[in-house]
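Notes to accompany the following structure.
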Amino acid sequence: MRLSRYFLPVLKETPAEAQIVSHRYMLRAGMIKQASAGIYSWLPLGLRVLKKIEAIVHEEQIRAGHIPLLMPTMQSADLWRESGRYDDYGEEMLRITDRHNRDMLFGPTNEEQITDIFRSHVGSYKDLPLTLYQIQWKFRDEIRPRFGVMRGREFYMKDGYNFDIDRDAAIHAYNRHMVAYLRTYERMGLKAIPMRADSGPIGGDDTHEFLVLADTGESEVFYDSAITDLSFGDRQVDFDSRAECEAIVQEWTTPYARTDETHDPALFDQIPEARRKSSRGIEVGQIFYFGTKYSEAMGANVTTPDGAKVPVHMGSHGIGVSRLLGAIIEASHDDRGIIWPEGVTPFHVGIVNLKQGDDEADAACEALYRQITAMGLDPLYDDRNERAGAKFATMDLIGLPWRITVGPRGLKNGVVELTSRRTGVSEELPPEQALSRLQEIFEGHRLGRGIF
Ligand code: P5A
């Protein structure tokens, strides 16, 4: 993309309404624009990151054997009356009446809707296990929407639902989700810690939240610092192996890690004092096992091998896709702007032309632009007639992890400059070498074919 033709409405002033750094930078970098309280338009740069995050979530769900589908945002109140949640959910649910006076709602979550799909089409143990998921907009009429996309009213969520024949099989699905989530967050450059939590209006006793440690997080968390040393890395996992998934879950849930809702001070005190930590955290996902809560209420039964009919065992599993943008920025920025991890960056590399209009500099930038694009990477070429300082400031603010700076002086010596946004370190390299460095850097961060 050429910046002169792009739509990147960068703000010079710090917006007064933004209290935390991710909200400020998302507004300043022209990623989002508030439409009304807790509701945002996604401007082109924000949309690119949202779609990258979405693509990683899809890839990791599909790797785990889960199947994508798409349900509507508008739901019928009658389904929620069947589960009993229409009255329980309270004021967070946005209720709407259509022209025929039918009660509708903008879905805050989809347990009822997916259970309805399941009961209409599945009736036998032979069709299990089954996990269906979607990435779709949700609406919760939060009493205090704030911090931009962190606590929105309209927000983008990955929500998945497993259907299993019995508790053991459903616990495997729970474990499989935890493993898939660990991989997912790591690919986004995040350390998200699974913590024992409270299940709230979704229900069930088994639940973990995934938290990114950050001072601006809304949750209070308590943990053994040993858990922050764990990393998932590039392990090959057989997602069908109950033992393998369970071992990984054991590894990640043995060190103490709880939100304030389930915090147990007596247990916490047994950890050596130097490792006892409490801080704030951003909840970027949550997984639940709730057994037959919805299947019993809504008549979602399956026949077992011996011919009995039993309610199917279920769980649901969520990732806050739009919230993740805020969480990643909270975890990765400096006083000049965002620093995108390679896996989610909106463009892979920025090209800064120090002397727009200089034939040689223009030609070198055009060549780099073509070659980077041919490598399957997305460059953002700042081809505007601006001072170098202004170009650098924009690149720093929008946070592309790599920048190539091209100017007449370097070109005389046959070099361009490759700069890491994270470390600030620059290397002078011949253009071909800069390109092969980029190739190496992004090798492990390529997205696959998408969901089809
Ligand atoms: C699991 C999937 C559920 O709704 N039902 C379907 C279950 N879980 S949850 O924890 O309530 O939400 C899942 C994730 O969504 C994000 N989230 C939000 N993001 C932005 N603004 C909000 N108001 C908001 N509410 C929830 C969180 O990341 C949460 O973990």
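Just so it is clear, none of the values below were taken in a lab; they were calculated from the coordinates. Quick caveat: nothing in here was measured; it's all calculated off a predicted structure. Backbone-built Cβ (ideal geometry, glycine too); neighbour counts: all protein chains shown.
Rank the residues LEU211, LEU47 as a footprinting-exposure proxy: fewest other Cβ atoms within 10 Å of their Cβ go first. Write down the numbers at each step before the final one.
On the way: LEU211 27, LEU47 14.
Going from sparsest to densest Cβ surroundings: LEU47, LEU211.
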With axes computed from alpha carbons, what is the tilt in degrees of helix 167-187 against the longest principal axis of the chain, rounded to the nearest 10 within 0 to 90? 10 degrees
Please sort by residue number the GluC sites (Glu not before Pro) in region 1-81 whose DSSP state is loop and whose Cβ has at most 11 other Cβ atoms within 10 Å. GLU13, GLU17
Can you tell me the order of 18-31, 410-423, 196-209 when each peptide is scored by its average per-residue count of other Cβ atoms within 10 angstrom, highest first? 18-31, 196-209, 410-423
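Do the sum for the chain: with -39,500 (n - 2.57) for every DSSP H run of n ≥ 4, divided by all residues, what is the mean residue ellipticity at 222 nm, to the nearest 500 deg cm²/dmol?
Details: 14 runs with 148 residues, N = 452.
Per the formula, -10000 deg cm²/dmol.
Determine the shape class of the chain: with a ≥ b ≥ c the square roots of the Cα gyration tensor eigenvalues, call it rounded for a/c under 1.5, and otherwise prolate if a/b is greater than b/c, oblate otherwise. Display every interim value, and only then the final one.
Details: a/c = 1.93, a/b = 1.77, b/c = 1.09.
In terms of gyration-tensor shape, prolate.
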Quick one: check the C-alpha center-to-center distance for region 382-401 versus region 277-293, whole angstrom. 39 Å
Among the lysines, which have Cα under 17 Å from the Cα of LYS191 when same-chain residues fewer than 8 positions away are ignored? LYS277
By the gyration tensor of its Cα atoms, with a ≥ b ≥ c the square roots of the eigenvalues, what is the shape of region 153-288: rounded for a/c under 1.5, prolate for a/b over b/c, or oblate? rounded
Calculate the FRET efficiency for GLU220 and ILE96 from the Cβ-Cβ distance with a Förster distance of 35 Å, rounded to the nearest 0.05. 0.50
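Indicate the gyration tensor shape class of region 369-451 (rounded, prolate or oblate), computed on the Cα atoms with a ≥ b ≥ c the square roots of the eigenvalues: a/c under 1.5 is rounded; otherwise a/b larger than b/c is prolate and the rest oblate. List each step's numbers first, then the result.
Working: a/c = 1.74, a/b = 1.36, b/c = 1.28.
Since a/c reaches 1.5 and a/b is larger than b/c, the shape of region 369-451 is classed as prolate.
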What share of the DSSP beta bridges in region 264-399 is antiparallel, in percent to the nearest 5? 75 percent
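With contacts defined as alpha carbon pairs under 8 Å and 6 or more residues apart, what's the relative contact order of region 390-446 in percent?
On the way: 56 pairs, mean separation 13.9, N = 57.
The normalised contact order for region 390-446 reaches 24 percent.
So which GluC sites (Glu not before Pro) in region 284-364 pass both tests, a DSSP loop state and at most 13 other Cβ atoms within 10 Å of the Cβ? Don't skip to the end; give the middle numbers.
On the way: sites: GLU296, GLU330, GLU342, GLU360; in loops: GLU342.
Within region 284-364, no GluC sites (Glu not before Pro) qualify (loop, at most 13 other Cβ atoms within 10 Å).
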For region 276-326, what is the relative contact order in percent, using Cα pairs closer than 8 Å and at least 6 residues apart in sequence? 42 percent
Could you let me know the centre-to-centre spacing of region 5-65 and region 239-267, using Cα atoms, in angstrom? 32 Å
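For ASP260 and ALA77 in one chain, what is 0.36 nm times their gap in residues minus the Cα-Cα distance, to one decimal in nm?
On the way: separation 183, 0.36 × 183 = 65.88 nm, distance 3.31 nm.
Result for the pair: 62.6 nm of gain on full extension.
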In whole Å, what is the distance between the alpha-carbon centres of region 111-170 and region 425-449? 38 Å
Hits among aspartates and glutamates - C-alpha to C-alpha of LYS355 under 20 Å, sequence gap 8 or more where chains match: GLU366, ASP382, ASP383, GLU386, ASP396, GLU417, GLU427, GLU428
Angle in degrees between helix 242-253 and the longest Cα principal axis of the chain, rounded to the nearest 10: 70 degrees
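Roughly speaking, what is the stretch gain from GLU142 to SER278, that is 0.36 nm per residue apart minus the C-alpha to C-alpha distance, in nm to one decimal? Don't skip to the answer; put the middle values down first.
Numbers: separation 136, 0.36 × 136 = 48.96 nm, distance 2.63 nm.
The span from GLU142 to SER278 would gain 46.3 nm if fully extended.
Any idea what the relative contact order of the chain is, in percent, if you count C-alpha pairs under 8 Å spaced at least 6 apart? Each step should come with its number before you reach the end.
On the way: 887 pairs, mean separation 77.6, N = 452.
Relative contact order here is 17 percent.
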Can you give me the convex hull volume of the Cα atoms of region 18-166, divided per residue and expressed in Å³? 143 Å³
Taking Cα atoms, the helix 321-331 axis meets the longest principal axis of the chain at an angle in degrees (rounded to 10) of 50 degrees
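What order do you get for 347-358, 233-244 when each peptide is scored by the mean count of other beta carbon atoms within 10 Å, highest first? Display every interim value, and only then the final one.
Working: 347-358: 21.2, 233-244: 11.6.
Final packing ranking: 347-358, 233-244.
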Filter on LYS52/LYS126; LYS12/LYS52; LYS391/LYS412 - keep pairs with C-alpha separation over 28 Å: LYS52/LYS126
